[in-house]
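Worksheet for the structure shown next.
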Amino acid sequence: MITGFAAVFFYLFAVIMIVAAIMVIAARNPVHSVLFLILVFFNASGLFLLGGAEFLAMILLMVYVGAVAVLFLFVVMMLDVDFAELKRGMGRYAPIGGLVGLIVLAELIFVFMSVHFSPAGPDAAVTQPVPAALPRSNTQALGDILYTDYVFYFELAGFILLTAMIGAIVLALHHRSGVKRQSVGEQVKRNPQTAIEVKKVESGKGI
Amino acid sequence: MHMDIMAQFMLILPELLLAAGIVVLMLIGAFSGERSYTVITVLAIGVMIAAVIMLITLPLQGTAFGTALICDAFGRFMKIMALTAAFIVLIMSVGAARAGKFDKFEFPVLVLLSCLGMLLMISAGNMLSLYLGLELHSLALYVMAALDRDNARSAEAGLKYFILGSLASGLLLYGISLLYGYSGGHIDFTGLSQVLRKDPPQLGLIFGLVFVLAGLAFKISAVPFHMWTPDVYEGAPTPISAFFATAAKIAAVAVIVRLVIMCFGAAAPVAGSMPAWQQIIVFIALASMFLGAFAGIAQRNIKRLMAYSSITHIGYILVGLAAGTIIGVTSVLLYLLIYAVIMLGCFAFILAMNTESGPVEKIDDLAGLSRTNPFMAGAMSLFMFSLAGIPPLSGFFGKWYVFSAAVQAHFVVLAVAGMIAAVIAAFYYLRIVKIMWVDEPKGRFLAMPKELQLVLWLSGLFTLFYFLAGIWFLPWAETAAKSLF
């Protein structure tokens, strides 16, 4: 149970998060929707921080805000998606969406009940004991394992990402000829002698 | 437990060499621009040959990084075979890459990346390193299939391979997660095999085993997970199809053999008959042999025909694996060696099918080849007879090994079915021979490049004189097979 100062922040983050989540689907402008989604992620990471999971909080910010949400923004702004057209079908799909929402809600309630209302008490469902006081931060704990016991797999995963990068470049990079590009070297080399030409223009005539 | 780190690095020296080579070659390529293709290819071939020499001269054994990698005689045999096939393909690809305008320096780098993945997955000792190695290997293959990106068929091949391959990876991962959960947290092969040994077998473990085998069956293109093979072989540039048919196949078979023997081999029988893995392997072996044999009959494109032929041959290889004995694994290794050599020869032939107006792929374009180019026609006839299993060529010995292993393990019906499938498949091999020697010539092919001639000669000689050299390979394969048990 969270009490005191932490509780204030918990309710602050939670309320803002719920309001922002509602705004994600209620906002008319899709750009506003994405911005509200970013607000949801920020508050969720605040909640993680309160729970002592600072690694998860930072990863949420970096991955979801830094990459996914920005990607959404790019898609929304660069692709010409007709959202008015998309929203027209909302009435038809609302029952299915509502049903999915109800199922998720029911599942969440069942999970909650199985933990808190089982006959053996709330502690019976927890098979792994939660360490009471953390001797070190969980970022450090994760790093200790990732860079020692699992360093081979970590490096191998790095090679897989390298392959993905090479593949993307090989398949998507086209060198077009005849495109005018900025050449910094050429620009820096220019000086008044080479760039300016003085012409004597006789009066009454053009160049 | 904590082995000396240097000793562990010694065990994976060939892999380290490849990894360093990849990074260095990529940097050279990136800084020296578009025209560095030839230099990078030569260097890549050099790196692979150095790795092969290292594997031959340093017969180290042991495990590295906990249970991640197992270095044993089986792994060495497979790695040497896969790397040799890979660098021969790279040698063959130079001319075709120029002509097909995909002579980018990334191509040899991708081949190296794929080879690194192959080496790691061949010696994988737990599910995590198996998956990561397989993914590194496959990801490079997906890109290579689409390398000729301006060609719609190549792009289609890449996309198809990528989507279906991802699906197979998903199946594999799901199976691994089931095995991990139901075995109580084991991902290493030895730990899993101890859990699988318990009688009666757990349903969850069998589910996991089925999913894992389905994912791997996709990688070796066994029926019913073969759909991608003809389209990818046909669409991908020919040298890359050759890579798929030889090196990639060797590595995938190595993985399935190691997993089945080391991990699933000890599994208790289901309902008093065979263990679950054996039932699956027997089924996909039968299905692959027959589907490949029948579907190949209708093919008019030689690359598609090779794809169906490879499906049939995977069926024969699985017959040897189904036996699950030392003799069975020995037969798998020898079959793979014989098959890979013939496939290299066949693809050298296909790469040489160039007319004035460009490369051709139709079987009918071979009409009357014996009169216009008797050397090519003779070599190809040799390969076709060998694939059909006519003695005394190498293909006959391959089939002899797998079928005798199956009979010794009391799979007589499977062996007989395999022989029937071989007779059916002989039809399309012999049809090519007939078209080359009997039909009227339609046109002539351009002169064959030197490197293709060399590959054709070597693989032809191996095929022809295997009955003399076979004695020499048999003990080597036996040692390799024994190291798995």
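The values are calculated or read from the model by the stated rules, or taken from the named source; none is laboratory data. Keep in mind it's a predicted model, so treat the numbers as computed, not measured. Using ideal geometry, Cβ is built from the backbone for each residue, glycine included, and neighbour counts are taken over all protein chains shown. Just so you know, the surface numbers come from the protein's heavy atoms only, side chains and all, with ligands and any DNA or RNA stripped out. Shrake-Rupley method; radii C 1.70, N 1.55, O 1.52, S 1.80 Å.
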Net charge contributed by nearby residues that have their C-beta within less than 9 Å of B:Thr355 (K/R +1, D/E -1) = -1
ask   = What does the protein assembly as shown give for Rg and for Dmax, in Å, if only its C-alpha atoms count?
value = 30.1, 111
query = If you add up the charges near B:Cys346, with Lys and Arg at +1 and Asp and Glu at -1, over every other residue whose beta carbon is less than 14 angstrom from its beta carbon, what do you get?
reply = +2
message = For B:Thr355, what residues show an amide H to amide H distance below 5 Å, using hydrogens built from the backbone and excluding near sequence neighbours?
response = B:Val360, B:Leu446
request  = Rounded to whole Å and sorted largest first, list the principal axis extents of the Cα atoms in chain B.
outcome  = 65, 57, 42
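Could you rank the peptides A:63-75, B:471-483, B:387-399 by their average count of other C-beta atoms within 10 Å per residue, with the highest value first?
Details: A:63-75: 14.1, B:471-483: 16.1, B:387-399: 21.9.
Highest-to-lowest ranking by the protection proxy: B:387-399, B:471-483, A:63-75.
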ask   = Can you give the extra length, in nm with one decimal, that the chain gains between A:Met58 and A:Tyr93 once fully stretched, where that is 0.36 nm per residue apart less the Cα-Cα distance?
value = 9.1 nm
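Mind ordering B:367-379, B:218-230 by average Cβ neighbours within 10 Å, highest first?
Highest to lowest by the protection proxy: B:218-230, B:367-379.
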Estimated distance in nm for a label pair at A:Phe154 and B:Leu458, the labels positioned 7 Å out from Cα along Cα-to-Cβ = 4.1
ask   = Can you give the mean number of other chain Cβ atoms that lie within 10 Å of the Cβ atoms in peptide B:467-479?
value = 0
message = Buried by at least 40 Å² relative to the chain on its own: which residues of the range A:139-159 qualify, computing accessible area with a 1.4 Å probe on protein heavy atoms?
response = A:Phe152, A:Tyr153, A:Leu156, A:Phe159
ask   = How far is it, in nm, from the label point at A:Ala14 to the one at A:Ala164 when both lie 7 Å from their Cα along the line to the Cβ?
value = 3.6
inquiry  = If a paramagnetic tag sat 7 Å from the Cα of A:Glu85 along the Cα-Cβ line, which residues of the range A:3-36 would have the backbone N under 17 Å from that point?
reply    = A:30
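Ignore the peptide's own chain and count Cβ atoms of other chains within 10 Å of each Cβ in B:18-24; give me the average, rounded.
Numbers: counts 0, 3, 0, 0, 4, 2, 0.
Taking the mean over all residues of the peptide, I get 1.
Determine, from the Cβ-Cβ distance of A:Ala7 and A:Ala67 and an R0 of 41 Å, the FRET efficiency 1/(1 + (r/R0)^6), rounded to the nearest 0.05.
Numbers: r = 32 Å, r/R0 = 0.78.
It comes to 0.80.
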request  = May I ask you to give the solvent-accessible area per residue for the protein assembly as shown, in square angstrom, as obtained with a 1.4 angstrom probe?
outcome  = 49
task = Rounded to whole Hz and in sequence order, give me ³J(HN,Hα) for the range B:72-84 from the Karplus expression 6.51 cos²θ - 1.76 cosθ + 1.60, θ = phi - 60°, writing x for Gly and Pro.
result = 9, 5, 4, x, 5, 4, 5, 5, 4, 5, 5, 5, 4
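If you place +1 on the Cβ of every Lys and Arg and -1 on the Cβ of every Asp and Glu, how big does the dipole about the Cα centre of the protein assembly as shown come out, in debye to the nearest 20? Don't skip to the end; give the middle numbers.
On the way: 39 positive and 34 negative charges, 296 e Å.
About 1420 debye.
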ask   = Using 0.36 nm per residue, how much length does the chain from A:Gln140 to A:His32 gain when fully extended, once their Cα-Cα distance is taken away?
value = 35.2 nm
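Which order do peptides A:99-109, B:11-21 fall in by mean Cβ count within 10 Å, highest first?
Details: A:99-109: 10.0, B:11-21: 19.6.
Going from most to least packed, we get B:11-21, A:99-109.
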inquiry  = Quick query: amide H of B:Val270 versus all other amide H atoms, modeled in the peptide plane; which residues come in under 5 Å with a sequence gap of 5 or more or a different chain?
reply    = B:Ala276
note = Rounded to a whole %, the carbon-and-sulfur portion of the accessible area of chain A at a 1.4 Å probe is 70
key: Computed FRET value (nearest 0.05) for B:Phe294 with A:Val111, which takes r as the C-beta separation and R₀ as 56 Å   = 0.60
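Within 10 Å of each candidate Cβ there may be at most 13 other Cβ atoms; applying that plus a DSSP loop requirement, which trypsin sites (Lys or Arg not before Pro) in the range B:54-150 survive? Don't jump to the answer; show the numbers that get you there.
Details: sites: B:Arg76, B:Lys79, B:Arg98, B:Lys101, B:Lys104, B:Arg149; in loops: B:Lys101, B:Lys104, B:Arg149.
Here the sparse-neighbourhood loop sites are B:Lys101.
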query = Taking amide H positions as placed 1.01 Å from N in the peptide plane, with prolines and chain starts having none, which residues 5 or more places from B:Asp188, or on another chain, fall under 5 Å of its amide H?
reply = B:Met127
Where the Cα pairs of the range A:131-171 fall when distances are cut into 5 Å bins, in % = 6, 20, 15, 15, 14, 10, 10, 5, 3, 2, 0
note = Averaged over the residues of B:137-146, the number of partner chain Cβ atoms within 10 Å of each residue's own Cβ comes to 4
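Using 0.36 nm per residue, how much length does the chain from B:Phe485 to B:Asn301 gain when fully extended, once their Cα-Cα distance is taken away? Before the final figure, lay out the partial values.
Details: separation 184, 0.36 × 184 = 66.24 nm, distance 4.19 nm.
The B:Phe485-B:Asn301 span can extend by a further 62.0 nm.
May I ask for the accessible area buried between chains B and A, both sides summed, probe 1.4 Å, to the nearest 100 Å²? Kindly include the intermediate steps, with their values, before the conclusion.
Values: alone 18580 and 17450 Å², together 34090 Å².
By this definition, chains B and A bury close to 1900 Å².
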